[in-house]
Amino acid sequence: MVFSSYLFLFYFLPTALLLYYAAPRRAKHLVLTALSYLFYGWANPLFVVLLFLSTLVDYGCGLAIGRGFHKRTALVASIVSNLSLLGFFKYFNFATASFDALVEAIGLPALSIDTAIRVTLPLGISFYTFQSMSYTIDVYRARVAPIRRFVDFACYVSMFPQLVAGPIIRFSEVADQLQTRTHTIAKFARGVSFFCVGLAKKVLLANPTGKIADLAFDAGSLSPLDAWYGVTAYAFQIYFDFSGYSDMAIGLGLMLGFVFPKNFDSPYRAQSITDFWHRWHISLSTWLRDYLYLPLGGSRKGPWRTYINLFIVMLLGGLWHGAAWNFFVWGGLHGALLAFERLRGKTPSYLRLAAPLRVGVTFLIVLVTWVFFRAPDLPSAFRYLGGMAGLGTPQEGAGLLAGIVYQPYYLATFLLAAAVVWTCPQTWDWTRTLTWPKTSVAFALLLLSTVALTTQAYNPFIYFIF
């Protein structure tokens with residue numbers, strides 16, 4: 001079930017809100033957990049079993065740590081169980097395919113595994129394993145107290161607004177809210193506005209620009225203009241797709257009385273790659289910083305160890321996004337760029353330019369790296385980069401592609417997306433104070449989005465596959 005669907009908008013969400021607010025205070029978390037399991041298991045009920053097992057293990061480990069019962073053993077059990085779950089379901093197919101390719105390349109095909117087993121990736125497993133694991137780590141570090149009621153912890157892990165694509169909510173950010181929180185008209189109204197803007201980002205901007213990107217990346221050889229147009233459209237798609245989902249998640253949380261942290265901070269206005277990662281998918285970048293980079297030593301063990309730590313963290317961050325070598329390269333590039341900026345004291349040559357030029361250069365660097373994120377494999381990524389550099393030879397049907405992607409509708413959407421990226425306020429700030437004109441805009445966006453859904457067959461959520 002996706003937020004941008006009639007099933008969710010007109011059936012699940014109204015029913016969920018009605019049941020939640022009708023439930024007595026002590027039963028609200030039970031109702032919300034049941035609704036979240038229904039939401040998550042809609043496509044495949046077996047996914048709920050994995051979610052429940054992960055929740056049960058970390059709840060038990062948290063209690064053991066809190067009571068001082070084999071604290072280190074309990075922590076290790078939590079980390080190993082979560083990483084094993086994530087590793088098997090996310091990387092089994094990748095590992096077997098890579099091993100088979102390796103033995104084939106060195107002339108030992110008899111060693112090939114050649115397994116017929118293909119593992120289905122459960123939705124959102126990368127998000128809820130990180131979220132659940134951070135709870136036991138924080139309990140071990142004595143940063144939060146272990147939660148007593150299982151239903152409260154299950155509600156935290158499974159909460160449907162952020163379950164399948166984040167933000168990655170840490171327990172410390174909602175621990176007090178799980179005990180007591182306010183439900184006000186102002187908070188609910190802001191949540192509705194948040195949701196309307198997020199839905200509009202997804203339906204009115206991400207879906208059309210995503211269509212442009214798909215046509216460009218599936219076209220084979222392209223002219224430089226078409227290649228740059230396609231990858232820029234993808235940059236808009238992934239931003240509006242994921243920030244739109246985050247806006248909807250934050251909005252739904254507000255409707256339920258929860259305040260979730262900001263997950264995007266105008267990342268394409270960043271003036272360096274370091275700045276970009278302070279603004280993009282903030283819940284993941286801070287998670288990697290606090291639970292991976294700092295335990296590796298951070299910047300405390302000298303400059304070269306700092307560069308290596310940055311590189312390792314981003315490599316693993318790339319693999320977190322996807323089980324493929326192109327994600328590995330994408331993460332490695334960002335790690336190398338972060339290390340380079342740190343090596344240069346955060347003042348590489350392009351950072352000495354005027355602010356608008358720094359934004360432009362940073363965006364161009366991000367565009368090049370997005371090619372590896374979007375391409376299905378490394379050969380396709382290098383072929384696409386060749387097209388951007390003018391090294392490819394456009395195919396005979398390239399003119400047909402231009403006839404589609406430069407249609408007034410797609411071109412207008414592309415330009416509108418650019419205008420929103422670089423001129424419009426963030427949803428977080430825009431919804432902070434609501435007025436009647438803003439409320440009218442929010443409902444107009446909701447109406448346009450629901451109408452557009454009737455005409456769109458293309459409606460993916462990119463981060464669902466992670």
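A few comments on the model shown:
- Axial C-alpha extent at least 30 Å, average Kyte-Doolittle at least 0.0 - helices from the chain (DSSP): 46-66, 71-105, 224-255
- Which label in (1) 23.7; (2) 24.3; (3) 25.1 gives the computed Kirkwood radius over Cα pairs in Å: (1)
- Distance violations [Cα-Cα > 29 Å] among Lys28/Lys187; Lys90/Lys202; Lys90/Lys211; Lys71/Lys301: none
- The stretch 1-60: equivalent-ellipsoid semi-axes (sqrt of 5 x gyration tensor eigenvalues, Cα, Å): 22, 18, 6
- Compared with the direct C-alpha span, the chain from Trp436 to Ile185 gains 88.9 nm at full extension, assuming 0.36 nm per residue.
- Here the contact order of the stretch 290-338, divided by its residue count and restricted to Cα pairs under 8 Å and six or more residues apart, works out to 33 percent.
- Mean separation of Cα contacts under 8 Å, 6 or more apart, over the residue count of the stretch 120-173: relative contact order %: 56 percent
- Principal axis extents of the C-alpha atoms in the stretch 102-229 (largest first, rounded to whole Å): 60, 44, 25.
- Normalised contact order of the chain, rounded percent, pairs of Cα under 8 Å and 6 or more residues apart: 19 percent
- Over the chain, dividing the summed -39,500 (n - 2.57) contributions of all DSSP H runs of at least 4 residues by the number of residues returns a 222 nm mean residue ellipticity of -21000 deg cm²/dmol.
- Partners for Lys438 among aspartates and glutamates (Cα-Cα distance below 20 Å; same-chain residues under 8 apart left out): Asp247, Asp429
Bear in mind that the values in this text are calculations on the coordinates, not laboratory data. Note that the structure is predicted; figures quoted are calculated from it, not measured.
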